[in-house]
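Below is one structure, written out as structure tokens; comments come after it.
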Protein chains: 2
Amino acid sequence: MRKTPPEIPDVILNRLPLYYKHLKKIKNKNIEYISSEELAKHTGFSSSLIRKDLNYFGTFGKKSYGYDVSCLCRQIQLIMGMHISKTLIIIGAGNMGQALAFNSGLNERGYKLKALFDVKVDLIGKSINGSPILSTEELIPFIKKEDIDIAILTVPSEVAQEITDIIIRANIKGIWDFTEIPLKVPDHVFLEEQHINEGLCKLSYKLFQNHPY
Amino acid sequence: MRKTPPEIPDVILNRLPLYYKHLKKIKNKNIEYISSEELAKHTGFSSSLIRKDLNYFGTFGKKSYGYDVSCLCRQIQLIMGMHISKTLIIIGAGNMGQALAFNSGLNERGYKLKALFDVKVDLIGKSINGSPILSTEELIPFIKKEDIDIAILTVPSEVAQEITDIIIRANIKGIWDFTEIPLKVPDHVFLEEQHINEGLCKLSYKLFQNHPY
DNA sequence: CTCCAAAAGATAATAATTTCACAATATTTA
DNA sequence: TAAATATTGTGAAATTATTATCTTTTGGAG
Ligand SMILES: NC(=O)c1ccc[n+]([C@@H]2O[C@H](COP(=O)([O-])OP(=O)(O)OC[C@H]3O[C@@H](n4cnc5c(N)ncnc54)[C@H](O)[C@@H]3O)[C@@H](O)[C@H]2O)c1
Ligand SMILES: NC(=O)c1ccc[n+]([C@@H]2O[C@H](COP(=O)([O-])OP(=O)(O)OC[C@H]3O[C@@H](n4cnc5c(N)ncnc54)[C@H](O)[C@@H]3O)[C@@H](O)[C@H]2O)c1
């Protein structure tokens, strides 16, 4: 039933996790089947867009019935590779780094947090939510030895590029960046920039777009 | 020089903060003028797209010269309403809530954090980065008295809708939601959902899209 | 002072995304 | 068992977004 997807447009990859989020909520209400029309009401996307998006990956629906909620959840998990075990480190064990060490979304998506890294001596040696905080000096050997897939970057923005260059030398595969300054990475490294304050910008814009300035 | 913008497409509102981010970085290097072509190299967007986006809001460039970096930064700040003072509370003073209380992006964008709220008695009375943690019982009177514009929601997902309904009754204007379950809000309330784990989904997808599953 | 080059701004062309509309098919009911 | 109904999957049409091209303006070189 699943297709081998061609190049998937980014807009679709952005919507998929949102479908997933809503489907989980629907599943929790013990609703077994849902039509694209109903899901459209929940998500705010049009029903035909939803059907089209899903059909990129396969035919998951049942005519005259709709979609099996659990089954669709599972399919999206598979598409997103949530069942594949991935290794992870957090660099910068400050406010954001420590908060993310408690992010239950990591486990749910197949990530295993192996360690946090910091330069502060009073942090090194402690452990957060079961993961040790190590010295950044151990960064390169650790990435190599533990074959780390992804690094979460929560260091101060000023040192972000410096750290990035280091972990790239250690052959990191992907970077999830929370810092405020844009990073340069080579093409073979996947970079996902988490522009947190962008959401805030949109909120202010929308709240005050009709106001004088 | 500034136009009164018509309805701005969302794609442009998403890019504007990214332009801002790159311009700040460029400004820090003491570069005074930048051409759309140069900015394109930095941001990854095409030069004509950048020019087009900016022209939605006014004519900020100087022919044969490019854009004055400081001036363009300032213009984007104005467009985004960063100069307008806005009041803010954080509901849920856990890991994420406390981390966000240290988010310097808040001040930079004109937000004044007035308080955090929680139900845990051992948190209430403490203060984080200069803002007090109050009991959720004070939520409604506080929002009304202090005329709070925006609430950051960092409570457990299970209670998110319940809290949302409360703050809407207290006439909150906007909600910046970090929880994992989609919220229902009336049309007059601006909701910005911060789908943090979406970025993670995209990373896994891209790392493993060619792998068997 | 005139010409040349650079780069914005405007317009036209192309490409991507979304919606529309309907045929195909499964389920339910009579 | 046949007709009625629901709802998917999908090609075509419409819309929206992006890129390419052209025109205009400005600053600087000669
Ligand atoms: N806190 C937020 O809400 C928030 C929001 C948006 C973006 N960010 C960004 O996230 C990043 C972290 O923010 P934060 O609030 O957690 O800051 P923080 O200062 O609390 O944490 C940064 C940590 O990085 C450590 N560090 C410094 N240099 C290091 C190095 N070379 N190697 C390893 N670790 C190093 C510090 O010791 C500190 O523990 C910043 O870039 C910030 O701009 C934070
Ligand atoms: N930690 C992360 O990295 C992360 C990532 C993505 C999303 N989130 C989401 O952000 C939210 C908060 O996450 P967290 O890690 O900070 O959790 P947390 O448990 O550390 O914090 C939640 C806080 O909310 C408080 N709380 C509970 N019920 C409340 C109520 N009715 N009113 C006010 N406060 C209440 C709790 O006492 C606690 O202090 C969750 O919904 C989580 O799914 C967190």
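The values are calculated or read from the model by the stated rules, or taken from the named source; none is laboratory data. Only a predicted model underlies this, so the values are computations on that prediction, with no experimental measurement involved. Glycine gets a Cβ as well: all are built from the backbone with ideal geometry, and neighbour counts include every protein chain shown. Quick note on the areas: whole protein, heavy atoms, side chains included, nothing else; ligands and nucleic acids left out. Shrake-Rupley method; radii C 1.70, N 1.55, O 1.52, S 1.80 Å.
For the reader, a short list of remarks on this structure follows.
- At least 20 Å² accessible surface lost relative to isolated chain, residues of segment A:5-31 (1.4 Å probe): A:PRO5, A:ASP10, A:LEU13, A:ASN14, A:PRO17, A:LEU18, A:LYS21, A:HIS22, A:LYS25
- Once the Kirkwood radius over Cα pairs is known for chain A, the Stokes-Einstein relation at 20 °C and 1.002 mPa s delivers a diffusion coefficient of 109 µm²/s.
- Here, segment B:22-148 yields an orientationally averaged convex hull projection of 9.9 nm² when only Cα atoms define the hull.
- Heavy-atom accessible surface that A and B bury in contact, both chains counted, 1.4 Å, Å² to 100: 6300
- Helix A:10-28 vs. chain A, principal-axis angle (Cα, 0 to 90°, nearest 10): 70
- Local electrostatic count, B:TYR20, Cβ distance below 14 Å [Lys/Arg +1, Asp/Glu -1]: +3
- Antiparallel DSSP beta bridges within segment A:111-186, percent to nearest 5: 20
- For segment A:105-119, Karplus couplings with θ = phi - 60° (6.51, -1.76, 1.60), whole Hz, Gly/Pro x: x, 5, 4, 4, 9, x, 8, 10, 6, 8, 5, 10, 10, 8, 9
- Amide H contacts of B:THR87 (H built 1.01 Å from N, under 5 Å, at least 5 apart or other chain): B:LYS112, B:ASP149, B:ILE150
- Long-range amide H partners of B:ILE133 with built H, under 5 Å: B:LEU116, B:GLY125, B:LYS126, B:SER127, B:ILE128
- For the Cα trace of the protein assembly as shown, dividing Rg by the Kirkwood Rh returns an Rg/Rh value of 0.96.
- The share of accessible area on segment A:86-198 that comes from carbon and sulfur is 52 percent, using a 1.4 angstrom probe.
- 1.4 Å probe accessible area per residue over segment B:49-192, in Å²: 45
- The Rg/Rh ratio of segment B:86-198, with Rg taken over Cα atoms and Rh as the Kirkwood radius over Cα pairs, comes to 0.92.
- The residues B:LYS114, B:LYS62, B:LYS206, sorted by heavy-atom accessible surface at 1.4 Å with ligands and nucleic acids left out, run B:LYS62, B:LYS114, B:LYS206 from largest to smallest.
- Taking a sphere under 14 Å around the Cβ of A:GLU193 and counting the other residues whose Cβ falls inside, with K and R at +1 and D and E at -1, yields a net charge of 0.
- Using θ = phi - 60° and Karplus 6.51 cos²θ - 1.76 cosθ + 1.60, couplings along segment B:138-144 (whole Hz; Gly, Pro as x): 8, 3, 4, x, 5, 4, 5
- On a per residue basis, the convex hull of the C-alpha atoms belonging to segment A:145-213 measures out at 107 Å³.
- Modelled label reach - A:LYS63, point 7 Å along Cα→Cβ, segment A:26-45 residues with backbone N closer than 20 Å: A:33-38
- With contributions of -39500 (n - 2.57) from each DSSP H run of at least four residues, the per-residue ellipticity at 222 nm computed over chain A stands at -13000 deg cm²/dmol.
- Under 15 Å, Cβ to Cβ, from A:THR164 - net charge with Lys/Arg +1 and Asp/Glu -1: -4
- With Cα atoms as the point set, segment A:10-79 shows a radius of gyration and Dmax of 10.7, 31 Å.
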